[in-house]
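J.: Okay, here's the structure, questions in a sec.
The values are calculated or read from the model by the stated rules, or taken from the named source; none is laboratory data. For clarity, every value in this text was computed on a predicted model and none was experimentally measured. Every residue, glycine as well, gets a Cβ built from its backbone with ideal geometry; the counts of neighbours run over all protein chains shown.
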Amino acid sequence: MVKEVKILPSLLAADFGNLSKSVAAVENSGIAGLHCDIMDGHFVPNITFGPMIVEAVRRLTDCPLYVHLMIERPEDYLEQFVEAGAASLTVHVEACVHLHRVIQRIKALGVKSGVALNPATPICSVQHVLEDIDLVLIMTVNPGFGGQSFIETMLPKIEQLRCQVESAGLEIDIAVDGGIDTSTAPRVVSAGANVLIAGTALFNNDVPASKACADLKQAAMSKV
Ligand code: DX5
Ligand code: ZN
């Protein structure tokens with residue numbers, strides 16, 4: 001089913017007092033890019049950072065920046081994040097009244113487009129845009145904070161999406177975000193996820209972040 005697994009370290013768990021050190025620790029560890037969590041204190045009960053910090057990270061690395069917009073009215077900020085250097089923008093289906101229109105605008109800006117689903121949101125909510133997007137992000141925790149526990153009932157949801165994507169002959173990435181570590185990684189890959197986003201397991205660990213990336217990839221690839 002899944003042939004290759006991509007790892008995206010989430011900067012949410014990085015050291016914001018020394019971002020260059022955190023980025024340098026993972027950028028040459030076989031990662032596919034960096035995941036930037038944008039939170040506005042409305043869509044989720046936490047506030048992180050905006051385009052200015054994304055632009056600062058852009059200057060630190062050539063890694064593609066995958067921006068996860070956990071904000072209300074994401075359509076008002078697309079240009080700003082693209083100008084800041086995002087290679088991919090993921091919006092939440094729950095935050096978009098006109099999801100199809102938002103996706104078309106992301107595509108017109110020339111970056112990859114993704115749609116994220118909260119744990120409570122069913123897969124059918126993205127059915128009408130599956131042919132237009134590059135990535136579906138299945139939240140495996142309720143968005144807002146790092147370090148939460150993986151929600152087990154997301155496994156059949158991943159399986160269902162993988163099944164739909166394959167039967168439609170689409171090449172969409174299926175990403176998972178929240179509670180991903182060396183024990184949950186093989187399980188989500190078996191279910192059909194091929195992009196693993198992880199923060200706590202990579203940065204807040206006893207082992208160096210580069211080794212944690214390699215360990216996570218190895219655990220994930222055991223099911224490929
Ligand atoms: C949560 C964020 C995640 C977060 C995951 O709302 O979207 O990207 O960084 O953190 P961990 O890996 O600690 O669960
Ligand atoms: Zn995220």
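J.: Given (1) β-branched (Val, Ile, Thr); (2) crowded, with 19+ Cβ neighbours inside 10 Å; (3) farther than 17 Å from residue 194 by Cβ; (4) more than 13 Å from ligand 2 (Cβ to nearest atom), where does residue 172 come up short, assuming only one miss?
T.: The number of the failed condition is (3).
J.: When you check residue 15 against the structure, is it without any contact (Cβ under 8 Å) to a residue 60 or more places away in the chain, assigned to a loop (DSSP other than H, G, I, E, B), more than 10 Å from ligand 1 (Cβ to nearest atom) and over 18 Å from residue 135 (Cα atoms), yes or no?
T.: Spelling it out, it is not the case that residue 15 is without any contact (Cβ under 8 Å) to a residue 60 or more places away in the chain, assigned to a loop (DSSP other than H, G, I, E, B), more than 10 Å from ligand 1 (Cβ to nearest atom) and over 18 Å from residue 135 (Cα atoms).
J.: From the list 56, 13, 84, which residue is small (Gly, Ala, Ser), closer than 30 Å to residue 219 by Cβ and surrounded by 14 or more Cβ atoms within 10 Å (Cβ to Cβ)?
T.: So the residue among 56, 13, 84 that is small (Gly, Ala, Ser), closer than 30 Å to residue 219 by Cβ and surrounded by 14 or more Cβ atoms within 10 Å (Cβ to Cβ) is 13.
J.: Right, here's the next one. Given the criteria of a type outside the set (A, V, I, L, M) and within 16 Å of ligand 1 (Cβ to nearest atom), does residue 66 qualify?
T.: yes
J.: I would also like to ask the following. Name the pairs: first residue in the range 210-221 and under 17 Å from residue 190 (Cα atoms), second residue modelled with pLDDT of 95 or more and in a helix (DSSP H, G or I), Cβ to Cβ under 6 Å, at least 6 apart or on different chains?
T.: Filtered contacts from the range 210-221: 216/185; 219/185; 219/186; 220/185; 220/189.
J.: Among the residues of the range 69-86, what is the count of those that are within 18 Å of residue 57 (Cβ to Cβ) and without any contact (Cβ under 8 Å) to a residue 12 or more places away in the chain?
T.: Summing the residues that are within 18 Å of residue 57 (Cβ to Cβ) and without any contact (Cβ under 8 Å) to a residue 12 or more places away in the chain in the range 69-86 gives 0.
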